[in-house]
1. Measuring from label point to label point, each 7 Å out along Cα→Cβ, what is the C240 to E88 span in nm?
2. If each residue of separation counts as 0.36 nm, what is the full-extension length gain between D18 and H183 once their alpha-carbon separation is subtracted?
3. Quick one: grab the alpha carbon gyration tensor of region 1-61, order the square roots of its eigenvalues as a ≥ b ≥ c, and give me rounded if a/c is under 1.5, else prolate or oblate depending on whether a/b is larger than b/c.
4. Keeping all protein chains in the complex and leaving out DNA, RNA and ligands, what accessible area do you get for R120 with a 1.4 Å probe, in Å² to the nearest 10?
5. Using only alpha carbon positions, build the gyration tensor of the chain, then give the equivalent ellipsoid semi-axes as the square roots of 5 times its eigenvalues, largest first, whole angstrom.
6. Let me check something: with ligands and nucleic acids excluded, how do W53, W23 order by accessible area (1.4 Å probe), largest to smallest?
7. Gap in Å between the Cα centre of region 243-288 and the Cα centre of region 134-195?
8. Quick check: pseudo-label points 7 Å beyond the Cα along Cα→Cβ at Y251 and Y283, how many nm apart are they?
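The values are calculated or read from the model by the stated rules, or taken from the named source; none is laboratory data. Keep in mind that this is a model prediction, so the values were computed, not measured. Methodologically, a virtual Cβ is constructed for each residue, glycine included, from the backbone with ideal geometry; neighbour enumeration extends over all protein chains shown. Heavy atoms of the whole protein, side chains included, go into the accessibility calculation; ligands, DNA and RNA do not. Shrake-Rupley method; radii C 1.70, N 1.55, O 1.52, S 1.80 Å.
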Amino acid sequence: MKVLIADDDALSRKILQDALLEWGYDIVVARDGKEAWTILERADRPNMAVLDWMMPGMYGVEICSRLRTLNLTNYIYVILLTAKNKREDIIKGLESGADDYVIKPFNYEELKLRLKIGRRIIELEQNIMRLANTDYLTGLLNRRAFLKRMTRELERCQRERAHLGIIIMDIDQFKQINDKYGHQVGDLVLQEVSATLVNSCRGYDFSGRYGGEEFILCLPGADKWSTYQIAERMRSSIECQKILLPDKKNYIKVTASFGVAAMLPDQPKSSDELIKQADDALYQAKNEGRNRVIMCPLN
């Protein structure tokens, strides 16, 4: 786990750094309050911070106060480190938003245990967020989490004047699979197909379960033809896939239909517009006989 150490005293900073490295933490170092704040504002900010109370540029308590006003996607566990040991100082530090308070000169074992507490809290939060954002059956993003991430990605692509592709996929005749083989096999098909989609994506694409047997994928930076080709590769992989049944003897094969839409750099669109276009293209693919990719016209 990544931990920010912020202390203007070189010796204190070195002692902290050596101790945390020995305990297995990934360290980021700041030499004053302003540098610490710059690190905490970054997207790749650490999950934990050990901040000295008195630092040039910005005090540790001020950093805590500012930090708690931000709408962050992940919680940052903060330990204040200071020689101040009066009760009113401790109260002030905790009121500023600090999670814990260690008095200098610190005891190694005490600091180690307090960091462990913070790590447990961060890991618990991460597990809760993962469960809240993940479809329990396929492991993909659930609909709400996908749409939230897509909105952020769409805004980024619009700022950078980049392409963005959307694919909506639906497993053909899925109800017949459930009716014939039962929901256990239906769930297995969903899992196997979702794994095929992920394996056909690029490393920076992301996918979600849109509902039932429908899946949705976002392809940052992909133009319309790249998006179409990726969808076609997915379609072909699914068509060729043999899904082994629970009896470990028989297998079934399925097909899927795909709708594709894309945003041009000079033609920004909303999430709703892109999804509707991809959904309309999927509907057309279904009407034209299934097991095909249809691309929405770019207009």
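1. 7.5
2. Numbers: separation 165, 0.36 × 165 = 59.40 nm, distance 5.48 nm.
Gain on extension, D18 to H183, equals 53.9 nm.
3. Working: a/c = 2.29, a/b = 1.14, b/c = 2.00.
Here region 1-61 falls in the oblate category.
4. Per-residue accessible area (R120): approximately 150 Å².
5. Gyration-tensor ellipsoid for the chain: 50, 23, 15 Å.
6. W23, W53
7. 9
8. 3.6
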